[in-house]
């Protein structure tokens with residue numbers, strides 16, 4: 001495949017993962033802090049892909065691969081926190097002191113802030129949480145980005 005096609009596939013992959021996250025949020029699965037962390041590198045990957053489609057330089061393709069590798073790594077870390085394999089950020093886990101900023105009224109109010117914990121699995125499919133699925137698909141996108149960086153055409157092996 002040509003570099004341009006692979007770059008477009010990578011951009012659409014990150015956009016689809018972001019879209020899926022927003023759909024789940026719309027369906028009532030509120031994201032935790034680490035869920036938001038996983039979105040930022042996908043947003044960066046989409047921007048990088050658009051830039052790479054117009055500016056044929058290989059380093060943009062490597063930057064796209066790095067962005068989705070980062071979100072994949074965050075996804076692995078988040079999935080491990082959900083499974084209890086390692087501790088997560090104190091600000092969004094049951095063991096943390098993240099409730100210190102909330103008053104008793106906040107905790108009792110029905111319309112108060114909704115606390116979403118990073119160590120709770122809100123949804124899973126085939127034994128994998130949303131964070132784990134993000135990691136799987138993100139690492140697949142890393143392969144697409146790396147193939148784009150090595151492919152003939154814009155920014156790839158021919159430059």
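Here, each number is a calculation from the coordinates, and none is a lab measurement. Note that the structure is predicted; figures quoted are calculated from it, not measured. In this analysis, Cβ positions are derived from the backbone assuming ideal geometry, glycine residues included, and neighbour counts consider all displayed protein chains.
Worth pointing out:
- Put a dot 7 Å past the Cα of residue 94, heading toward its Cβ, do the same for residue 120, and the two dots end up 1.0 nm apart.
- Rounded if a/c under 1.5, otherwise prolate or oblate - segment 6-88, Cα gyration tensor axes: oblate
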